[in-house]
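This report concerns only the one structure given below.
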Amino acid sequence: MRVAAAALFAAYAVTAFAHPAPNSIVRFEFEAGGARAEYWIPESELDYARAADPAGDLPAYLLRHVAAETTAGERWRVAIASVRGTNYLGHPYIVATLTLTPPAGALARGFVLVDDAVTHEVRNHRVFVVARHGAGSDLVGALQYPANRLAVAAR
Amino acid sequence: MQTRTFAALLLTALTALIQPAYAATATCRQSTPNAGGSAEVAAAIAKFRPLLSKSQLAVFERPFDYANATHWSNLPVGLVPRTTLRLGDLDEKQAAAARRVFVAALSACGLELLDEVRRADDFLVPFDKRPIGWGAGNYYMAVLGTPSAKSPWMLQIGGHHLAYNFTFNGHQPGATPLFFGSEPIRFETQGVTHEPLSAQSQAMSQLAAAIAARPEAKLSGTFTDVVKGVFMAGPPGPDFKGGTDSNFPQTYPTGDADRGIKVGALSPEQRRLVRDALESYATLPGNAISAALLQAYESSAALDATFVGFSGSPDFSTKGSYVRIDGPRVWMEFVVQPAVAKPEDLHYHALWRDKQSDYGGEARR
């Protein structure tokens, strides 16, 4: 499903605006040697998740709950480049920018996302996973408890 | 004679006082024992059709396909536009005929729920500053396929906080998905107090209270909405179609872990509360639509294998309170959320799915 990335987020965010239980969206963009991700997490839902696992600061928390690995199970290196708060159409979000680097010898064109940043606690929460390709994006799928793994690939 | 009448009235009043709310559900149903038959509903629709204009018919009658069947939501129409026949646009004659369709399809309780949920939406209109489309007029109806006594077709009635999706003559009895909600949970208009989901909230709350002392009944995690609700995805942008049931078919938990306590392990009184909760949802459609489902849910073997679980406060006094009935085929949820119009208040969402017969088993991608 090919869509314009900006419109995609706008649509989700508008939905969140009137909904007391907004979902998350993580957008991956593949580049030479790895991938970057922008991860929008609604604060209201993240608060529940962090209350269940309060150790460390937010980057440390995210690194405990967001990972990428090859199909053979080798971990990619995930780093948090930045974390900021924003308010989009009336709902506060955390926006984390992540960089993902494959292990030596692994292709940088795809990985298995392993993520339960909110879903380890909030049972109805969904994380929409989007892969950007040039001018458009593909909705790869969604994660909801107990599912926490999804294959993401460059087109 | 007067004494006898007074005694009878007193007895009636006392009975009403000591009967739990769900008794009203049974009473409602008994008042409309034949509602929901496909021939009966099709006949009411046949009388409604000639009153509609060409353009109204064009939105009222749709093909019975996956996209149309799954186009329901728990979001207001400003966020998830409904494109079928808007009840707020009907003239007096059309509205009366539409109501006869509702009467044919619904139990008295189901009809009352429709009225009460729409009243609650009307109550929100003064708070709708954005606007996102609250209001009783923003409820819709449609038929998918051709109404008949034999071939499959659907009747949809719904809007922001209600989605009746009834499938007639399908592979399976088609009472679901059935979503309902209320914001506010209680309100007063013209001196009358309304609580649209009182029967279901009381039945689910009493069930949660009855099992609260059993550690295995407590579900892990936090619930901020129903778990198997609409999917906030789809082709977005100006023609955004997210917030519908586009994730159908659902997957459901298996095994015994974290599903609550099995009804087979409950006392007779607790089992009665499970049945009351089941009936508070399953008696909303007309009897002909859901009687077979209820019978399947309440069979001894099915009931024994059904899980009931809860999270939060059994009395539903706090957000995040949640109750679930998860059987071999039944899936019923009730959740307490913060309100949208006034976030310090609460609002309810409830969902009934059937693991085998959502859309009568007729909706395929």
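Brief remarks follow.
- Here the peptides A:131-140, B:280-289, A:91-100, B:171-180 are ranked by packing, the mean other Cβ count within 10 Å, and the order with the highest first is B:280-289, B:171-180, A:91-100, A:131-140.
- Other protein chain C-beta atoms within 10 Å of residue C-beta, averaged over A:123-136: 3.
- Peptide-level mean, for A:36-45, of C-beta atoms on other protein chains within 10 Å: 1
- Potential extension, residue B:213-residue B:299 segment - 0.36 nm per residue separation minus Cα distance: 28.4 nm
- By other beta-carbon atoms within 10 Å, ranking B:225, B:276, B:89, B:128 with the fewest at the front produces B:89, B:128, B:276, B:225.
- Taking amide hydrogens as placed 1.01 Å from N in the peptide plane, the amide H of residue B:107 sits under 5 Å from those of B:286, each at least 5 positions away in sequence or on another chain.
- In this structure the amide hydrogen of residue A:122, modeled in the peptide plane, comes within under 5 Å of the amide hydrogens of B:222, none closer than 5 places in sequence on its chain.
- Under Karplus coefficients 6.51, -1.76 and 1.60, residue-wise ³J(HN,Hα) of the stretch B:347-360 in Hz, glycine/proline x: 8, 10, 10, 9, 9, 10, 10, 10, 5, 10, 10, 4, 6, x
- FRET efficiency for the pair residue A:60 and residue B:254, taken as 1/(1 + (r/R0)^6) with r the Cβ-Cβ distance and R0 = 51 Å, rounds to 0.90.
- Relative contact order (percent, whole number), the stretch A:71-121, Cα cutoff 8 Å, 6+ residue spacing: 34
- The string of couplings for the stretch A:66-80 from the Karplus curve (6.51, -1.76, 1.60, θ = phi - 60°) is 10, 8, 9, 8, 6, 5, 8, x, 7, 6, 7, 8, 10, 10, 8 Hz, one whole number per residue in order, with x for Gly and Pro.
- Normalised by the number of residues in chain B, the average gap of Cα pairs under 8 Å and 6 or more apart makes the relative contact order 22 percent.
- For the peptide B:69-80, the mean number of other protein chain Cβ atoms found within 10 angstrom of a residue's Cβ is 2.
- The stretch A:104-147 and the stretch B:293-335: distance between their alpha carbon centers, rounded to Å: 31
- For chain B, calculated [θ]222 nm from helices alone, where every DSSP H run of n ≥ 4 adds -39500 (n - 2.57): -10500 deg cm²/dmol
- Every helix of 4 or more DSSP H residues in chain A counts as -39500 (n - 2.57), and over all residues that averages to -6000 deg cm²/dmol at 222 nm.
- For chain A: Kirkwood Rh in Å [reciprocal of mean 1/r, alpha carbons]: 15.6
- Pairwise centroid distance, computed over Cα atoms, of the stretch B:37-62 with the stretch B:120-168, Å: 15
- Taking other C-beta atoms within 10 Å as the exposure proxy, B:332, B:204, B:141 rank B:141, B:332, B:204 from fewest upward.
- Pair residue A:147, residue B:96: separation of 7 Å Cα→Cβ label points (nm): 5.1
- Rounded if a/c under 1.5, otherwise prolate or oblate - chain B, Cα gyration tensor axes: rounded
- Other-chain or far-sequence residues with amide H under 5 Å of residue B:194's (modelled H): B:187, B:188, B:189
- When each of B:262/B:355; B:319/B:355; B:228/B:355; B:218/B:319; B:150/B:228; B:47/B:150 is checked by Cα-Cα distance, pairs over 21 Å: B:319/B:355; B:150/B:228
- Of the peptides B:159-168, B:292-301, the ranking by mean beta-carbon count within 10 Å, highest at the top, reads B:159-168, B:292-301.
Only the coordinates and a few stated rules stand behind these numbers; no lab work does. Predicted model only: the values in this text are computed from it and were never measured. Cβ atoms come from the backbone with ideal geometry, glycine included; neighbour counts cover every protein chain shown.
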